[in-house]
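These notes are about the structure you will find just below.
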Amino acid sequence: MRKSLQYPIGEFVVPKQTSIEDRNQWITDIEQMPLLLTKALDDLSKSLIDTSYRPGGWTARQVVHHLADSHMNSFIRFKLALTEERPTIKPYEEHLWAELPDSKLFPVEHSLDLLHSLHSRWTYLLKNMSSSDFDKTLYHPASKREMSLLINTALYSWHGRHHIEHIKLVQVH
């Protein structure tokens, strides 16, 4: 079966049932994401950093900066959900953020440094949350859905792996 260029690991599917092992794996995925991203970029020829992983897709540079933008937003959303009752989050236009000069031109090393620090702190928070903390929710007005922090953990485990595969596709595309 041919891998989809847009969804090389498949689209995110909300798990119907979860276990402690699932949660721990998702936390491990979040913890390891910056190292795996760094490895994928090390394997990428420097001349390909401004190459898209698919027609109409973002460049590898934009993907890295998107990961920093998205994961900073997610970390803040976790903190809001842990300290407020069902907060409504602020969506953002990620496709427009990807067109800003810092996403299109700025060196990826800065976002990599940010992701290493952010994920270290985020992982510490995740590993110190109680089971009831993972049940806390936030409301996403764009999708009109309430989502638990457990499902958000699964989502961001997937999100990092998804975009790392995009970086790997640049080399072969």
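The values are calculated or read from the model by the stated rules, or taken from the named source; none is laboratory data. Please read these numbers as outputs of a predicted model, since none were measured by experiment. Because the Cβ atoms are built from the backbone with ideal geometry, glycine has one as well, and the counts that use them run over all protein chains shown. With ligands, DNA and RNA removed, areas are computed over all heavy atoms of the protein, side chains included. Shrake-Rupley method; radii C 1.70, N 1.55, O 1.52, S 1.80 Å.
Key figures
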item: Pairs where the first residue, in the range 26-55, is touching a residue at least 24 places away in the same chain (Cβ under 8 Å) and under 30 Å from Thr123 (Cα atoms) and the second is open to solvent by 40 Å² or more (accessible area, probe 1.4 Å) and of a type outside the set (Phe, Trp, Tyr), C-beta under 6 Å, 6+ apart; result: Pro34/His116; Ala40/Lys168; Leu44/Gln171; Tyr53/His173
item: Set Lys168, Lys144: member being more than 15 Å from Thr38 (Cβ to Cβ) and among the basic types (Lys, Arg); result: Lys144
item: Failed criterion for Glu11 (all others in (1) assigned to a helix (DSSP H, G or I); (2) open to solvent by 90 Å² or more (accessible area, probe 1.4 Å) hold); result: (1)
item: Qualifying residue in the range 139-154 (condition: β-branched (Val, Ile, Thr), farther than 30 Å from Thr51 by Cβ and in contact with a Phe, Trp or Tyr (Cβ under 7 Å, 6 or more places away or on another chain)); result: yes
item: Contacts under 7 angstrom Cβ, first residue in the range 102-129 being assigned to a helix (DSSP H, G or I) and of a type in the set (S, T, N, Q), partner at pLDDT 95 or above and open to solvent by 40 Å² or more (accessible area, probe 1.4 Å), 6 or more apart; result: Ser103/Trp97; Thr123/Glu31
item: Condition broken by Thr59, with the remaining ones in (1) open to solvent by 40 Å² or more (accessible area, probe 1.4 Å); (2) more than 30 Å from Phe134 (Cα to Cα); (3) modelled with pLDDT of 95 or more; (4) not aliphatic (A, V, I, L, M) satisfied; result: (1)
item: Meets criteria (closer than 16 Å to Ser70 by Cα, open to solvent by 20 Å² or more (accessible area, probe 1.4 Å) and among the polar types (S, T, N, Q)) for Ser130; result: no
item: Pairs where the first residue, in the range 154-165, is within 19 Å of Thr137 (Cα to Cα) and touching a residue at least 12 places away in the same chain (Cβ under 8 Å) and the second is small (Gly, Ala, Ser) and in a helix (DSSP H, G or I), C-beta under 6 Å, 6+ apart; result: Tyr156/Ser74
item: Residue selected from the range 145-166 under the condition in a helix (DSSP H, G or I), among the aliphatic types (A, V, I, L, M) and over 9 Å from the mean Cα position of the chain (by Cα), by the criterion farthest from Pro15 (Cα to Cα); result: Ile164
item: Leu169 assigned to a helix (DSSP H, G or I), over 13 Å from the mean Cα position of the chain (by Cα) and either surrounded by fewer than 20 Cβ atoms within 10 Å (Cβ to Cβ) or of a type outside the set (Gly, Ala, Ser) (or both); result: yes
item: Residue in the range 88-95 that is out of contact with any His (no Cβ under 7 Å at 6 or more places or on another chain), under 24 Å from Ala154 (Cα atoms), in a helix (DSSP H, G or I) and open to solvent by 90 Å² or more (accessible area, probe 1.4 Å) present; result: yes
item: Answer from Leu5, Leu36, Leu48 - the residue that is of a type outside the set (Val, Ile, Thr), more than 25 Å from Lys90 (Cα to Cα), open to solvent by 30 Å² or more (accessible area, probe 1.4 Å) and in contact with a Phe, Trp or Tyr (Cβ under 9 Å, 6 or more places away or on another chain); result: Leu5
